[in-house]
Amino acid sequence: MAILAVLIVLGIVVGAVGSAVARRLSNPVGKYRLLYVGVLLPFALLAYGLLSLLSLGDAVATTVLGDTGGVAAAVLADLAGLLGAGVVGLAAYAPTIRGVRAVRDIDLSTGRALVRMARYVGGVSVVVAIALAPLHLTGTASPLGLAGVLALLVAGLFGGAPWIVAAVRSTTPPTGATRDRLETLRERAALDVRDTLVLDTDDEETATVHVRGPPGYRRLFVTSTFLDRFDDGTAAALLAVQAGQIGTRVQPLRVASVVAAGAPLVASVAGWGPRWALLGVAVLALVAGFWACRRAVRAADDHAAARVGADAVADALDCYAAVHGMEPTRRRVPNPLSATVALGDRIDRLRGR
């Protein structure tokens, strides 16, 4: 618990320093996104690893259940470790909220943002802890058993995403004119989904749209800001991009890339083969997988351009950046460790058509 307290304090410092730096750089909104993915998330994962080494979960299981034997104790230990890392991540996230509020000029309450993020972290922690339960049922952590658990975890998160997102976020089904508008937009974009839910983002003003779920039960998630800030032409173009990404299998490719890289990485750490060779295989799998993802993103843009027009898609991506206060980034050389294409490069490519 003392180490957890130290990690929380360090998280606050990391978040505050990172926020101060991001606010002073060009394109601060983009830099905040990079801060979250490149600094705060790895810091939370590092906290999880350290807390696991210190057996925080086992201590909690012993206190609550009296011992660490059995699947229930193991699941509780996993959950305690995940929640501990989640608290560290929330501590690092808290100092950044004020900065985001300033650079985007939005009315985002720190308390409300923390409550929403805490709900998300808690929900994901419960799902992951339950998904790891089969690993404890097998007894020993063999390479084959670990690979099976990893595949089961990924399949569960990917297939259960329509319900998981609805459980950890505030959602409402569209009604009346909103439902009719969305049906018209989906038809215009050729986006085939089973149903739609609206995410409440009036405070943070994030105008995003996502399709989650396996074939046969794909669910469309749109934010309230998306419906409020975009006209029908822009909204249809962004939905067409989502339809294109379904056709080019962007999301499965991203998942497959992480799994293909994660398996040899875990084997290397566990000592189940030549360490450096396995690390090399993991890096190559990740780079090759992300290259395929970037190619699929471009193909999805082409699909959307064929449906609603290249200029319409480019204008929609421009509007998306403007609503979020972002400057579309451009790269002379693609980032090999990125699963997506820089927004500015996507816009320029569509304009070039």
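Shape descriptor for the stretch 296-353: Rg over Rh equals 0.96 (Cα atoms; Rh from the Kirkwood inverse mean 1/r).
Projected onto the charge dipole of the stretch 276-320 (+1 at Lys/Arg Cβ, -1 at Asp/Glu Cβ, origin at the Cα centre), which of 312, 282, 299 gives the Cα projection farthest towards the positive end? Towards the positive end, the residue furthest out is 282. Of the residues 190, 171, 342, the one whose Cα sits farthest toward the positive end of the charge dipole of the stretch 142-352, with +1 on the Cβ of Lys and Arg and -1 on the Cβ of Asp and Glu, is 342.
Based on Cα atoms of the stretch 234-320, Rg over Rh with Rh as the Kirkwood radius reads 1.22. The convex hull built on the alpha-carbon positions of the stretch 162-285 has an orientation-averaged projected area of 9.7 nm². Taken over the chain, the convex hull of the Cα atoms encloses 147 Å³ per residue. Over the stretch 261-302, the hull volume per residue, using the convex hull of the C-alpha atoms, is 41 Å³. The alpha-carbon positions of the stretch 1-138 define a convex hull whose volume is 104 Å³ per residue.
What number comes out for accessible area per residue over the stretch 142-352 if the probe is 1.4 Å? Units Å², please. Intermediate values should be presented prior to the final figure.
Details: 10230 Å² over 211 residues.
Ligands and nucleic acids excluded, the result is 48 Å² per residue.
Here the accessible area is traced with a 1.4 Å probe on the protein chains. For the chain, carbon and sulfur cover 64 percent of it. The figure for residue 114 is an accessible area of roughly 50 square angstrom, using a 1.4 Å probe on the protein chains alone. Size of the stretch 71-128 from its Cα atoms: along the principal axes, largest to smallest, the extents are 48, 15, 14 Å.
In the stretch 142-352, Cα pairs under 8 Å separated by at least six residues give a relative contact order of 18 percent. Note on exposure: 301, 67, 228 ranked by accessible area (1.4 Å probe, complete protein assembly) read 228, 67, 301, with the most exposed listed first. Compared with the dominant principal axis of the Cα atoms in the chain, helix 41-53 is inclined by about 10°.
Taking the C-alpha atoms only, the angle from helix 250-270 to the longest principal axis of the chain is near 20 degrees.
What accessible area per residue, rounded to a whole number of Å², is obtained for the stretch 42-103 using a probe radius of 1.4 Å?
Working: 2810 Å² over 62 residues.
For the stretch 42-103, the per-residue accessible area is 45 Å².
Please work out the C-alpha center-to-center distance from the stretch 48-86 to the stretch 238-302 and express it in whole Å. Using only Cα atoms, the two centres lie 31 Å from each other. Can you tell me what percent of all Cα-Cα pairs in the stretch 142-352 are more than 31 Å apart? Counting pairs separated by more than 31 Å, the tail of P(r) holds 27 percent. About its Cα centre, the stretch 1-138 has a charge dipole of approximately 820 debye under the convention of +1 per Lys or Arg Cβ and -1 per Asp or Glu Cβ, with nothing else charged.
When you restrict to C-alpha pairs under 8 Å that are six or more residues apart and normalise by the size of the chain, the relative contact order lands at 13 percent.
The values are calculated or read from the model by the stated rules, or taken from the named source; none is laboratory data. Everything numeric in this text was worked out from a predicted model, so none of it was measured. Using ideal geometry, Cβ is built from the backbone for each residue, glycine included, and neighbour counts are taken over all protein chains shown. Keep in mind that these areas ignore ligands, DNA and RNA; they rest on the heavy atoms of the full protein, side chains included. Shrake-Rupley method; radii C 1.70, N 1.55, O 1.52, S 1.80 Å.
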